[in-house]
Amino acid sequence: MADSTIDSELIALKDLWPGTPTSRLGTPTGGFTGSSHHNVPSPAYPVGTKIEVYNKGTKAGQPGFATLMYLKVGTQNAAVAIAAKSVCVCDSAADWYKVTNDPDDCVKKRGMPVAVALSTMTDGNYGWFWVGGVCPEEFIANLGGNYATDGTVAAGPICVGDLAADAMGFSATVDGSTAGTTPAATPADWACGFAIAADAA
Amino acid sequence: MPSNDLALATRDAFVNSIEDEVFLEIPLFTLLLAKKKIIWAGGKKVTRLVTKDEVSDLAQTYKAKEGLSSGDKDILAEPAFGWKNMQIPIVWDIDTYLQNAGDSTIVKANLIKVKVEAAQKAARRKLVEMAYATTSTDDGADFQSIAQALDHDTTYGTIARSIAAGTNTWWQGASVDGTYTDRSGSITASLSNFRRCKNACLRHVKRGSKLYVFVGDALYDAYLSVAESRKLSTDKDSSLLVKYGHDAVVIDNVEFVRDPYLTEMGRTTDFFMLNPDTWEFRINPKRNFKMTAPVWQGDQTNGLDEWLRRILVSGNLVCWKPNANMWRSNMSE
């Protein structure tokens, strides 16, 4: 099927990453994309730090909680660089906290926890990623808008899938790696979120 | 060739005062303060009695043998407004605490003092932001806005307004054409339109009430030109000096105020004609820009080595007479 899109207000992510948000941390200085801690070569927060925020939904997005996590970029896709809304999964077979947007050089797509990038990032740099809950558009405006899908997303669970374009996006949870087939009898794929409506396809 | 020794041996000339790049005047707040319309008081809600009707239709003319009628009317209403809360956090961490200590040879500015002053200014700025917000319904959290008071056909202070149903027309914001549907209608910034707005606002108030118009740069300059073009020059000075221009506009005893906030926010078509005597900025004395003491955040496991203080404000901006004020959101030059 051809790639499609789904609006940020129609999806919510399930946080499958280890750790719980720490209530003692406020929003980082200058927001989540502040230059003192986001896309920096040395970690300003312990890797794996999670912050939970409440997206009020009065200015942008849906109301609800969202979780952001401090991770490291491994080696991103040379052809399609990481940008806001890039869907990333684990990159390294040695370090769980390194992520990449390269569908051809990652640990696995389906069943993996998802980390959505907030902005462009440099390889090896640390920064914040959206990993759970509703889309925190009131905190990071560039996260709002359309997310790429493989055209199979319907209301229900979603996971990370390989797109026709050289990138990863969202897909309906299905068995194996063939998009468009019916969900597996055994839940081999962990959903990384859910959609409340079908994608635009 | 610049000398390396010079670079090593000489400091930059540091200018020892902070230039505020983001300073914006907030004339609305200043006006309410000047008119002593900032009220420090408590109470369950902010309420007062208003008269909503008059009894001239009880009057009866009669002839000698006619019976005299009797009757009564409800003439009072009690609009009620809740308390709204706002806080601004001020945080500094261990790095700021340690590295920002010392005299002027080490420290260019007292960063903690700068943060506190910035937060105090931000509290006033945020109040003006909420005052100019365009949402017409009370979301329960934000201080209520001028738009909520003056927009037509919305509920304000628990009193519903509906022109279609003829409900509480006395409580509507002023309307030029009396339809109470013209708030967003297109209107040009002309003298005659200004006078129509002014007449609508002055219809139900005592003689001598002072009005102010709050607009952004574009509309301010438009009315400045209107006034200038009508002011004949009587300058008999025969000197070679040319002096021209004005920095204040009063038309028909209504003072125009250039509000930079409206320009910055792109509200170039908003026209607010306000009667400050009908507005109150209520602040609860328990939260009147109160700044809490700095509290260290590291006393519990996983706590952070930083300090937190907050500026707390509770209150609300209320209008007791919306029909003496007007908001037009679509005025063009």
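Each Lys or Arg adds one and each Asp or Glu takes one away; over the other residues whose Cβ falls under 11 Å from the Cβ of B:Tyr97, this sums to -4. Calculated accessible area for the protein assembly as shown comes out at 53 Å² per residue, all protein chains present (probe 1.4 Å; ligands, DNA, RNA ignored). With the gyration tensor restricted to C-alpha atoms of chain B, the semi-axes of the equivalent ellipsoid amount to 48, 32, 15 Å, longest first.
Close amide H partners of B:Arg287, meaning residues 5 or more places away or on another chain with modelled amide H under 5 Å apart, are B:Ser314. Using a 1.4 Å probe over protein heavy atoms, the accessible area lost on pairing B with A, summed over both chains, comes to approximately 400 Å². Helices in chain B that qualify as membrane-span-like (whole DSSP H runs, Cα extent of at least 24 Å along the helix axis, mean Kyte-Doolittle hydropathy of -1.0 or higher) are B:111-131.
Computed over neighbours whose Cβ is under 10 Å from that of A:Gly151, the net charge equals -3, Lys and Arg +1, Asp and Glu -1.
Leaving out ligands, DNA and RNA, what percent of the accessible area of the protein assembly as shown is carbon and sulfur, probe 1.4 Å?
In the protein assembly as shown, the share of accessible area belonging to carbon and sulfur is 52 percent.
The three principal axes of the C-alpha atoms in region A:1-88 carry coordinate ranges of 44, 36, 25 Å, sorted with the longest axis first. Other residues lying with their Cβ under 10 Å from the Cβ of A:Gly124 contribute a combined charge of +1, Lys and Arg counting +1, Asp and Glu -1.
Using only C-alpha positions, report the orientation-averaged shadow area of the convex hull of the protein assembly as shown, nm², one decimal.
43.6 nm²
Counting pairs of alpha carbon atoms under 8 Å apart in space and at least six apart in sequence, what relative contact order in percent does region A:90-174 give? Taking the mean separation of contacting Cα pairs over the length of region A:90-174, I get 25 percent.
The values are calculated or read from the model by the stated rules, or taken from the named source; none is laboratory data. Note that the coordinates shown come from a computational prediction; the quantities given were computed from them, not determined experimentally. Using ideal geometry, Cβ is built from the backbone for each residue, glycine included, and neighbour counts are taken over all protein chains shown. The accessibility values were calculated without ligands, DNA or RNA, using every heavy atom of the protein model including side chains. Shrake-Rupley method; radii C 1.70, N 1.55, O 1.52, S 1.80 Å.
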